[in-house]
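The values are calculated or read from the model by the stated rules, or taken from the named source; none is laboratory data. Remember, predicted model here, so these are calculated numbers, not experimental data. Virtual Cβ from ideal backbone geometry, glycine too; neighbours counted across all protein chains shown.
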Amino acid sequence: MATLAHSLSQLLPRPLATWLAPKWHLARETYLLRQRQGGRLWYDRELLCWIARKPLPGGAAIEVPVRSYRELRRVVNFDANREDLVLIWLTAIDDCTMLYDIGSANGLEGFAANALHGCRVVFVEPFTPSVESILKGVVLATRRGQSVERFDVFQAGCDRAMGLSRVLLHNPPVPGGTYNTFADVDAYCRGGRGGERVWATQWAPAVSIDGLHASCGLPRPSHVKIDVDGFEDRVIAGATETLASRAVRSWIVEISPGRLEPIQAAMIGAGYQEIASFEHYPGLDDCWDRLYVRDDLVDDYRHRLETARLRRP
């Protein structure tokens with residue numbers, strides 16, 4: 001069914017409708033954040049960008065930069081779906097001491113985990129504008145009393161091993177873009193990205209989950225979030241020692257079509273069980289979020305998830 005705004009746009013001259021459309025979308029997202037979600041939006045003269053404050057379950061909140069319409073929309077959509085497994089999981093993991101946020105984009109999940117539980121967060125993200133947004137978010141968190149030592153930011157892609165690879169930007173280098181390729185255009189979902197336009201390229205480190213501990217000296221994670229658009233099998237291939245250590249209590253992985261089998265095998269082999277899943281686009285063969293929990297914690301985490309669901313407004 002067409003929206004009222006779409007119907008009205010059909011009655012307007014095309015140039016006027018084109019001019020009004022982005023302004024309407026911006027006004028709609030601003031209204032949703034402020035009026036429906038109880039958030040705030042203001043301009044920060046020190047960081048030279050707009051800031052959004054977004055309430056979370058339990059009275060916590062995050063403050064993050066919104067430097068484009070895409071980043072604002074991502075903030076508004078964050079925690080908007082009651083069935084979103086990632087947000088339920090984030091609410092549930094009050095035992096989190098160290099989160100590895102792999103494929104951070106502008107860092108919403110990592111900042112939410114820190115705001116909810118005070119945990120340390122490692123952000124791994126190769127796209128320069130997203131990294132700048134994360135760094136501004138770190139400043140905002142430290143203004144609210146968090147120690148800067150609670151945040152480690154890697155401008156890097158996560159892969160099977162430590163190294164160096166090229167990043168291909170399939171969107172302009174502006175905040176909010178997430179369509180980028182690291183290392184191998186054929187390794188991504190939906191047939192790879194070999195035919196996509198490349199706006200620019202840059203070199204960036206490759207890190208592995210194992211290497212973040214073994215080479216960089218970071219503590220092993222207690223929890224891991226992975227969202228890398230089909231690259232997740234390579235990320236898991238770089239986490240064999242971490243899996244074997246069983247230090248991680250839970251993994252939540254966005255799994256693209258064709259990637260489930262190697263990830264399931266790795267998880268089951270290390271003694272992890274899938275206890276919940278969330279289908280992004282019901283009825284389509286597309287991405288699922290899947291939650292894997294260490295086998296001795298399954299009953300505890302099922303209870304945690306149910307409690308977290310009840311806490312959501």
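Does V139 meet the test of being more than 23 Å from S208 (Cα to Cα) and in contact with an Asp or Glu (Cβ under 7 Å, 6 or more places away or on another chain)? Considered against the rule, which asks whether it is more than 23 Å from S208 (Cα to Cα) and in contact with an Asp or Glu (Cβ under 7 Å, 6 or more places away or on another chain), V139 comes out as no. Within the range 253-279, residues that are more than 23 Å from D296 (Cα to Cα) reach partners that are among the aromatic types (F, W, Y) and not in a strand (DSSP E or B) with beta carbons closer than 9 Å, at six or more positions or on different chains, in the pairs S256/Y188; S256/F231; R259/F231.
V139 - would you say it is over 12 Å from the mean Cα position of the chain (by Cα), closer than 21 Å to R45 by Cα and of a type in the set (A, V, I, L, M)? In short, yes.
Restricting the range 154-167 to residues that are surrounded by 19 or more Cβ atoms within 10 Å (Cβ to Cβ) and not acidic (D, E), the residue that is farthest from M98 (Cα to Cα) is V167.
Quick check: anything in the range 153-161 farther than 16 Å from V228 by Cβ, in contact with a helix residue (DSSP H, G or I) (Cβ under 7 Å, 6 or more places away or on another chain) and modelled with pLDDT of 95 or more? Yes, the range 153-161 has at least one match. Looking only at the range 257-285, residues that are aliphatic (A, V, I, L, M) and part of a helix (DSSP H, G or I) come to 6 in all. Per the listing E254, E196, the residue uniquely part of a loop (DSSP other than H, G, I, E, B) and of a type in the set (D, E) is E196. Apart from one condition, S208 fits all of (1) touching a residue at least 60 places away in the same chain (Cβ under 8 Å); (2) crowded, with 20+ Cβ neighbours inside 10 Å; the exception is (1). Among the criteria (1) under 26 Å from A206 (Cβ atoms); (2) touching a Pro at 6+ places or on another chain (Cβ under 9 Å), the one R67 does not fulfil is (1).
Which of the residues spanning the range 48-77 are surrounded by fewer than 21 Cβ atoms within 10 Å (Cβ to Cβ), among the hydrophobic types (A, V, I, L, M, F, W, C) and free of Cβ contacts under 8 Å to residues at least 40 places away in the same chain? The answer is L48, W50.
Residues in the range 169-182 that are crowded, with 21+ Cβ neighbours inside 10 Å and without any contact (Cβ under 8 Å) to a residue 40 or more places away in the chain: T181 only.
Of the residues L212, L164, L218, the single one that is at pLDDT 95 or above, part of a strand (DSSP E or B) and more than 17 Å from the chain's Cα centre (by Cα) is L164. For the range 78-97, the tally of residues that are crowded, with 21+ Cβ neighbours inside 10 Å and within 22 Å of P219 (Cβ to Cβ) stands at 5. For the range 81-93, a residue qualifies if it is farther than 14 Å from F111 by Cα and free of Cβ contacts under 8 Å to residues at least 40 places away in the same chain, and exactly one does: N81. From the list G238, G192, G230, the one residue that fits, being at positive phi and touching a helix residue (DSSP H, G or I) at 6+ places or on another chain (Cβ under 6 Å), is G192.
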